[in-house]
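K.L.:
Please see the structure below; I have some questions.
The values are calculated or read from the model by the stated rules, or taken from the named source; none is laboratory data. These figures come from a predicted structure and were not determined experimentally. No Cβ is skipped: glycine too gets one built from the backbone with ideal geometry, and neighbour counts run over all protein chains shown. For accessibility, only protein heavy atoms count, side chains too; no ligands or nucleic acids. Shrake-Rupley method; radii C 1.70, N 1.55, O 1.52, S 1.80 Å.
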Amino acid sequence: RVVWLESGLVRDDGNAVEVVSKYLYKYSAAVHEQVWPDPKSAPGNDEVRLHLARIIPRGESSFINVRTPLDLEFAYWNCSSGAELNASLHLYNTEGACVFNSDSAPQIYEEGIIRETCHIPGDFLNDGEYKIMIMIVKDRSTSLYQHDDVLAFEVQDVERNSHWHGKWLGAVRPMLKWTTEFEK
């Protein structure tokens, strides 16, 4: 059992492997943006090369909390004219579990820079730390290039007006619509 203290407060308490993993994840630097300006030295191969990956918070500040909508933007050079390509992203939590996988619509592209953005609504992700893997896929089935941990970020909790103040369980935390009926 491990207790993780931060600024005099208990941040986590539990299984040693899980708590140490969360601690190491927290103090691995957040990566909100990576840019590779030169296609000759950018990560990739003869068919595709990454140009940029970035997280764009769509809120009132650059601070990311559970209510903040996010845009995950990726740009890459397509080096093969007539290639059918799409991007596939995998979002992982601190336990290494894939929270979700989402992909763009495959399209046939000429040579040039392809820019794709995945929109994550506010009130969807739970608080915690996340890492992103991006994959460029050809012909809907062949992975041309995969870049693990291309981005990393933390989602903070917000002050709540409910009676529950503990950690919300689950990988996601959607604000779902409910209807209630009462009969007497």
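K.L.:
Using only Cα atoms, find the angle between the long axis of helix 16-26 and the longest principal axis of the chain, and express it within 0 to 90 degrees, rounded to the nearest 10.
P.N.:
The answer is roughly 60 degrees.
K.L.:
A further question on this structure: Using a probe of 1.4 angstrom, how much of the accessible area of the range 56-148 is carbon and sulfur, in percent?
P.N.:
Carbon and sulfur atoms account for 46 percent of the accessible area of the range 56-148.
K.L.:
Accessible area, 1.4 Å probe, largest first: how do K167, K184, K177, K131 sort?
P.N.:
Ranked list, largest accessible area first: K184, K177, K167, K131.
K.L.:
Using unit Cβ charges (K, R positive; D, E negative) and no other charged atoms, how large, in debye to the nearest 20, is the dipole of the chain about its Cα centre?
P.N.:
360 debye
K.L.:
Additional query: Go ahead and estimate [θ] at 222 nm for the chain from helices alone: -39,500 (n - 2.57) per DSSP H run with n ≥ 4, summed, over the residue count, rounded to 500.
P.N.:
Theoretical 222 nm ellipticity from helices: -2000 deg cm²/dmol.
K.L.:
Could you work out the local net charge near N126, counting Lys and Arg as +1, Asp and Glu as -1, over the other residues with Cβ closer than 9 Å to its Cβ?
P.N.:
Combined, the nearby Lys, Arg, Asp and Glu give 0.
K.L.:
Which listed residue (N78, H90, S61) has the Cα farthest towards the positive end of the charge dipole for the range 54-96, taking +1 on Lys and Arg C-beta and -1 on Asp and Glu C-beta about the Cα centre?
P.N.:
Projecting each Cα onto the dipole axis, the largest value belongs to S61.
K.L.:
For the range 29-71, what is the accessible area per residue in Å² when the probe is 1.4 Å?
P.N.:
Heavy-atom SASA per residue in the range 29-71 reads 57 Å².
K.L.:
Where the only charges are on Cβ atoms (+1 Lys, Arg; -1 Asp, Glu), what is the dipole of the range 35-97 about its Cα centre, to the nearest 20 debye?
P.N.:
180 debye
K.L.:
Heavy-atom accessible area of I56 with all protein chains present, probe 1.4 Å, nearest 10 Å²?
P.N.:
About 40 Å², rounded to the nearest 10.
K.L.:
Which aspartates and glutamates have a Cα lying under 19 Å from the Cα of K167, excluding residues fewer than 8 positions away in the same chain?
P.N.:
The qualifying aspartates and glutamates are E6, D12, D13, E18, E95, D123, D127, E129, E154, D157, E159.
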